[in-house]
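The values are calculated or read from the model by the stated rules, or taken from the named source; none is laboratory data. Predicted model only: the values in this text are computed from it and were never measured. Cβ: placed from backbone, ideal geometry, glycine included. Neighbour counts: every protein chain shown.
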Amino acid sequence: MRTTMTALAGALAAFGTLLATGTAAMAAGADLGQAAQQATNWHAIVMFLLFVAGTLAITYWAAKRTKTAADFYAAGGGITGFQNGLAIAGDYMSAASFLGISALVYGSGYDGLIFSVGWLVGWPIILFLIAERLRNLGKYTFADVASYRLGRTPVRTFAATGSLVVVIFYLIGQMVGAGQLIKLLFGMEYIYAVIIVGALMMIYVTFGGMVATTWVQIIKAGLLLSGATVIAFGVMYQFGFSFEQLFARAIEVHPKHEAIMSPGTLVSNPIDAVSLGIALMFGTAGLPHILMRFFTVPDAREARKSVFYATGFIGYFYILTFIIGFGAICLVATNPAYLDVVKGGLNLRGGNNMAAIHLAHAIGGDLFLGFISAVAFATILAVVSGLTLAGASAISHDLYASVFMHGKTTEGKEVTVSRYASLGLGVIAVLLGIVFEKQNVAFIVALTFSVAASANFPVLVMSMFWSGLTTRGAVIGGTIGLVTSVVLVVLSKAVWVQSFGYAEPIVPYAYPAIFSMPAAFFFTWLFSVLDNSPRAAKERAAFEAQSIRSETGLGAEGAAAH
Amino acid sequence: MIAAAAVARRIVEGKLSNTAQNLASAEKIRNNPKFRELVSKRTRFAWTLSVIVLVMYFGFIALIAFNKALLATPLGVGINTTIGFPLGVGVILGAVILTGIYVYRANGEFDELNRQIIEESR
């Protein structure tokens, strides 16, 4: 324990140095004629430092009470439904959805709502079909559930691979977004921003495990929800709390006029519309860092409650982002101080993802801008911490303990492996963040959700609901879903044309889920029915016992006593 | 009320998981008509609500894909708000309300039935 604390102190010192370097870089940047930004940056940095100090104090406290594997992976199962609901919201509401949706609304109005709705409707499905069964069957990862009655080695290997693919792609998107955002908000070099995010998330996860990650997510959710509430309230206040007045003004000032009140060009063909819908809805139910949160509550009852709270918070947040986007049209697009004079039109200084940030300034001045910038940074930290912990669990709990050691290891060793895996993932995330700096990463979110919907979700659902599922079916079907979704994205315009530079995409559709998810279900079914091995017969017979436990919670992993 | 899973947890704490007693409990649960009642009621309820969400959401997506003009219709003469807004926000609110309905019934009626099943299995 003492070595842990010494290491924590060392890491803190290193972080202090890093931040000082970053601040120096910011000061240097400010000399290049951005005096107006310099004053606001300090508010952001002070508030961000407060957040970091608070979360590091929590990590220190969490490190002292993280002793067992259950503490490290699942916060000892001692999180309440309400706390977990907030933490889920904190894990799920990324900076991409906060800044991205408000930017989308700012640019094209109604289209933003399509994403908001899609990102929310996965939650009821998780509640009705997955949450309580997951809680009753699993311990730390969704692979526990998928491999409950199937071959441990092949199914865990597949599930861990699916998890790691999703985690690493999602981390790339978050790291690149973080670097760009922090560069803009804090005037810091891209590379320092990425390193700071990586260093902080490694400290939270390695020392504080799930306890620290949960509290970072809860605090972030509280900050983000209150910050967004204040912005939306400020907007509605200026328009007499009348949506009609807000819309009337937005139609008047937006170059697209009435077109912003209905779906536009975002989704150009029906296949893409449905495919995006499938990916957003079912992808949520296949994200390993989200599924993992259900093991932090004591029982199925609290698991259900946590989804209800999470859905409420997330739904409320998405409605706010919509008001924020329209508010930005009315209050930001009309003020030349926020516009990019070179690009002209609606283009914002620092890019259109700055819509919510500029709006914060328009409503609350420098101090509030600083607050929202710090919240955006905190938002990224909470999401990457959850992702890193999920990836580390897949490595230590699924691959190391079950596949390589065949269960013959100690809890202590498993947690040690997990801590090293967190560090490794942190380093990988920082390196990939640097490599992908100049790349177009817009396709990453679609890819992540498509892979989750096409590989993890079908296997998870069939393992819980279909007695006929066999190891062979799960591994072959799931792998087909995984490979199909990745290949289709690579051959689509986003990668084939925009990243590789070919003239024409091979696949005309932007989102693969409409093909890859049914393919995964079909081949999982096909290879299961064709499986006549004695093992398959045993696996089918074991379904009844599994279903008794998944329905009643008999024998389910309980919370560790504290 | 003691939650069913808490009862189950006591069994686990006695290190009885996967032992003879647990298997005996599972056998009793299998033969308890209340178990079949719980599973069929809860499964039907969960799938009904799932279908409602799917219809709501993919109905909304279908309008975006095939009938953008309908979503662009104003709510009335001289009104800027289009039908698309209450529909989109309605899907979000509907999703939240349906989760609330499920949790209310699952944590009440179904958990009570579950508690009885676990009690009777011991």
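Take the conditions (1) more than 14 Å from chain B (Cβ to nearest Cβ); (2) in contact with a helix residue (DSSP H, G or I) (Cβ under 9 Å, 6 or more places away or on another chain); residue A:404 misses just one of them, which is (2).
In this structure, is residue B:57 at the interface with chain A (Cβ under 7 Å from one of its Cβ atoms), in contact (Cβ under 8 Å) with a residue 40 or more places away in the chain, in a helix (DSSP H, G or I) and of a type in the set (Ser, Thr, Tyr)? Steps first, please.
On the way: at the interface with chain A (Cβ under 7 Å from one of its Cβ atoms): yes; in contact (Cβ under 8 Å) with a residue 40 or more places away in the chain: no; in a helix (DSSP H, G or I): yes; of a type in the set (Ser, Thr, Tyr): yes.
No.
Hey, among A:241, A:247, A:233, A:282, which residue is more than 9 Å from chain B (Cβ to nearest Cβ) and in contact (Cβ under 8 Å) with a residue 12 or more places away in the chain?
On the way: A:241 fails: in contact (Cβ under 8 Å) with a residue 12 or more places away in the chain; A:247 fails: more than 9 Å from chain B (Cβ to nearest Cβ); A:233 fails: in contact (Cβ under 8 Å) with a residue 12 or more places away in the chain.
Of A:241, A:247, A:233, A:282, the one residue that is more than 9 Å from chain B (Cβ to nearest Cβ) and in contact (Cβ under 8 Å) with a residue 12 or more places away in the chain is A:282.
Listed conditions (1) at the interface with chain A (Cβ under 7 Å from one of its Cβ atoms); (2) assigned to a helix (DSSP H, G or I); (3) modelled with pLDDT under 95; (4) out of contact with any Gly (no Cβ under 9 Å at 6 or more places or on another chain) are all met by residue B:49, apart from (3).
In the set A:115, A:128, only one residue is assigned to a helix (DSSP H, G or I), under 19 Å from the mean Cα position of the chain (by Cα), within 17 Å of residue A:281 (Cα to Cα) and within 13 Å of chain B (Cβ to nearest Cβ); that residue is A:115. Residue A:171 falls short on exactly one of the conditions (1) at pLDDT 90 or above; (2) within 14 Å of chain B (Cβ to nearest Cβ), and that condition is (2). Tell me whether region B:71-79 contains one or more residues that are in a loop (DSSP other than H, G, I, E, B), within 8 Å of another protein chain (Cβ to nearest Cβ), at pLDDT below 90 and surrounded by 13 or more Cβ atoms within 10 Å (Cβ to Cβ). Yes: one or more hits. Would it be correct to say that residue B:102 is touching a Gly at 6+ places or on another chain (Cβ under 7 Å), of a type in the set (Phe, Trp, Tyr) and facing another protein chain (nearest Cβ under 8 Å)? When the stated conditions are applied, residue B:102 does not pass them.
Where residues in region A:287-320 are hydroxyl-bearing (Ser, Thr, Tyr) and at the interface with another protein chain (Cβ under 7 Å from one of its Cβ atoms), which of them is surrounded by the most Cβ atoms within 10 Å (Cβ to Cβ)? Full working, then the answer.
Start the filter on region A:287-320 by keeping residues that are hydroxyl-bearing (Ser, Thr, Tyr), which leaves A:296, A:306, A:309, A:311, A:316, A:318.
Among the residues that remain, those that are also at the interface with another protein chain (Cβ under 7 Å from one of its Cβ atoms) are: A:311, A:318.
Details: A:311: 28, A:318: 25.
Ranking the qualifying residues of region A:287-320, first place goes to A:311.
If you go through region A:98-112 and keep only what is within 10 Å of chain B (Cβ to nearest Cβ) and in contact with a Ser or Thr (Cβ under 6 Å, 6 or more places away or on another chain), you end up with just A:110. A single entry from A:323, A:329 fulfils the requirement of being of a type outside the set (Gly, Ala, Ser), surrounded by 24 or more Cβ atoms within 10 Å (Cβ to Cβ) and more than 8 Å from chain B (Cβ to nearest Cβ): A:329.
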